[in-house]
1. Need the failing condition index for A:A46 against (1) modelled with pLDDT of 90 or more; (2) open to solvent by less than 30 Å² (accessible area, probe 1.4 Å); (3) within 7 Å of chain B (Cβ to nearest Cβ), just the number.
2. Evaluate the stretch A:55-78: report whether one residue or more is within 7 Å of chain B (Cβ to nearest Cβ), over 24 Å from B:G140 (Cα atoms) and either in contact with a Leu (Cβ under 6 Å, 6 or more places away or on another chain) or surrounded by fewer than 19 Cβ atoms within 10 Å (Cβ to Cβ) (or both).
3. Pairs please, first residue from the stretch A:3-14 and under 15 Å from B:F46 (Cβ atoms) and more than 7 Å from chain B (Cβ to nearest Cβ), second anywhere and open to solvent by 20 Å² or more (accessible area, probe 1.4 Å) and among the β-branched types (V, I, T), Cβ atoms under 9 Å, 6+ apart in sequence or on different chains.
4. Which of the residues belonging to the stretch A:4-28 are of a type in the set (A, V, I, L, M) and buried (at least 21 other Cβ atoms within 10 Å of the Cβ)?
5. Among the residues of the stretch B:6-31 satisfying the criterion of being open to solvent by less than 20 Å² (accessible area, probe 1.4 Å) and within 21 Å of A:A49 (Cβ to Cβ), which is farthest from the other protein chains (Cβ to nearest Cβ)?
Amino acid sequence: MNGSFATAWYFAALLFFIGLYCMAASRNLLRQLIGLEVMSKGTLLALIASGAMSNLSLAQAVIITMIVIEVVVVAAGLTLLVKAYRTNGGVDVWKLSSLKG
Amino acid sequence: MIEYREFLYLAVTLCALAAVMSRNMLTAAISLAATSIGVALVLFDFRAPWAAVFELSVCAGLITVLFISAVSLLRKEEPFFAEDRTRFRLLPVFALIVAIGGWIAGWPFFEALADYARFGARGQSLGSMLWESRRMDLLGQIAMLAAGVLVINSVFAAKKAGK
């Protein structure tokens, strides 16, 4: 049982790293959102592995909450992205400097 | 011999790498959907069907549709904004370093974490858990959904006012 848990957490950490690297390395807002999604997949794997050892119902309840929040974050993020594209003509984060003091 | 669940983990990781590294955004969105499908299969394998169905319908369905519609709105952007691809080509190397480092250093830590995971073991059904113990979570979900609708509404309303 411990081996299965450790394997899940190992791959969850790997997924989290891939998403974090994507968010840090990319200047494209859309790609950063994809990185955020990959990070959330890693978190989800870690949650379900923990839940399988302790309380699967609680883990499912938390995962359902997480998925709902994820959708709202992605929808709001994409809306802001389209808005930024229409305002600045690009999705490059370095161009988002209109509020610079 | 590689087991079914480990094969799924590998497939999810490879799909995530493809989503991050692909040059075309449409391919990235579809790879992300494949990652979600892999995660949903892992959830089914963990005997968590409700979470798996949510993951499959919402993450692999709705979020992919949102991404693809956003990509179609930004289609003209791609020729004008070419990113430095070197960082993304280096990602498998960095991922391999993290994988080897995690195998050597992280494994005992993950095994120690299993003791903490056993801490809150109590058997309850999902319905009673969600409606009795985690009622605040449901309220939070409603608040988050309202906030999301408000953000989308306010952004598009601001555009109309700007015209």
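The values are calculated or read from the model by the stated rules, or taken from the named source; none is laboratory data. The structure displayed is predicted, hence computed values, not measured ones. Note that we place each Cβ from the backbone using ideal geometry, even for glycine, and neighbour counts take in every protein chain shown. These accessible areas exclude ligands, DNA and RNA; they are computed on the full protein's heavy atoms, side chains included. Shrake-Rupley method; radii C 1.70, N 1.55, O 1.52, S 1.80 Å.
1. Answer for A:A46: the failing condition is (3).
2. So far as the stretch A:55-78 goes, no, none of its residues is within 7 Å of chain B (Cβ to nearest Cβ), over 24 Å from B:G140 (Cα atoms) and either in contact with a Leu (Cβ under 6 Å, 6 or more places away or on another chain) or surrounded by fewer than 19 Cβ atoms within 10 Å (Cβ to Cβ) (or both).
3. Matching pairs, first to second residue: A:A12/A:T43.
4. Of everything in the stretch A:4-28, those that are of a type in the set (A, V, I, L, M) and buried (at least 21 other Cβ atoms within 10 Å of the Cβ) turn out to be A:A8, A:A12, A:L14, A:L15, A:I18.
5. Only one residue tops the list, namely B:L8.
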